[in-house]
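Student: Attaching a single structure in structure tokens format; questions to follow.
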Amino acid sequence: MASHTRGGGERREYHDWGRTSVLGGRRVSGQRALAPGEVALLRVLAPGEGPTVVASASRVTDVRTGPGEIAFRSQGPAATTAATRIALPGSPKSTTITSTNGAAHPFIGEWDATSETLLLSYENLPDGVAVRVAY
């Protein structure tokens with residue numbers, strides 16, 4: 001677990017997702033074996049697929065892609081952490097997340113070169129946040 005102190009001194013705990021997948025806390029890998037009774041959500045990504053949002057623990061809308069970037073809106077219940085995995089054709093150069101009032105929104109980002117995906121972890125907001133990733 002990692003922690004982050006927000007403005008006003010409120011301390012929030014975040015999972016240090018590292019190289020794990022968004023769903024199920026499993027490592028991003030080329031293989032996955034399921035035990036009897038175990039459930040998993042699996043998605044096969046073609047090499048170089050992207051930019052695209054693969055999965056998110058939030059509502060993702062208004063996805064826009066352009067040369068060298070992907071942008072979208074993400075919203076979810078207050079006091080919950082969003083985890084969003086994005087497939088990119090290259091490593092991210094910059095990432096910004098802003099709230100509806102234009103203020104910078106704290107996040108943790110982890111690039112996985114093997115799967116060519118970026119995992120973003122940030123606090124959900126009911127009004128949403130704007131996410132922009134340049135690669």
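The values are calculated or read from the model by the stated rules, or taken from the named source; none is laboratory data. Small disclaimer: the values here were computed from a predicted structure and weren't measured. So basically every Cβ, Gly included, is an ideal-geometry build from the backbone, and we count neighbours across all protein chains shown.
Student: Out of ASN101, ASN124, report the one residue that is more than 18 Å from VAL63 (Cβ to Cβ) and among the polar types (S, T, N, Q).
Tutor: After ruling out the rest, the residue left standing is ASN101.
Student: Right, something else. Just to check your reading of the model, which residue among GLY76, GLY9, GLY66 is modelled with pLDDT of 80 or more and over 17 Å from SER99 (Cα atoms)?
Tutor: So the residue among GLY76, GLY9, GLY66 that is modelled with pLDDT of 80 or more and over 17 Å from SER99 (Cα atoms) is GLY66.
Student: Give segment 90-100 a look and list any residue that's part of a loop (DSSP other than H, G, I, E, B) and of a type in the set (Gly, Ala, Ser), or say none.
Tutor: Those that are part of a loop (DSSP other than H, G, I, E, B) and of a type in the set (Gly, Ala, Ser): GLY90, SER91.
Student: Just the residues that are surrounded by 14 or more Cβ atoms within 10 Å (Cβ to Cβ) and either polar (S, T, N, Q) or part of a loop (DSSP other than H, G, I, E, B) (or both), please, taken from segment 101-135.
Tutor: Correct list: HIS105, PRO106, SER115, GLU116, THR117, SER121, ASN124, LEU125, GLY128, TYR135.
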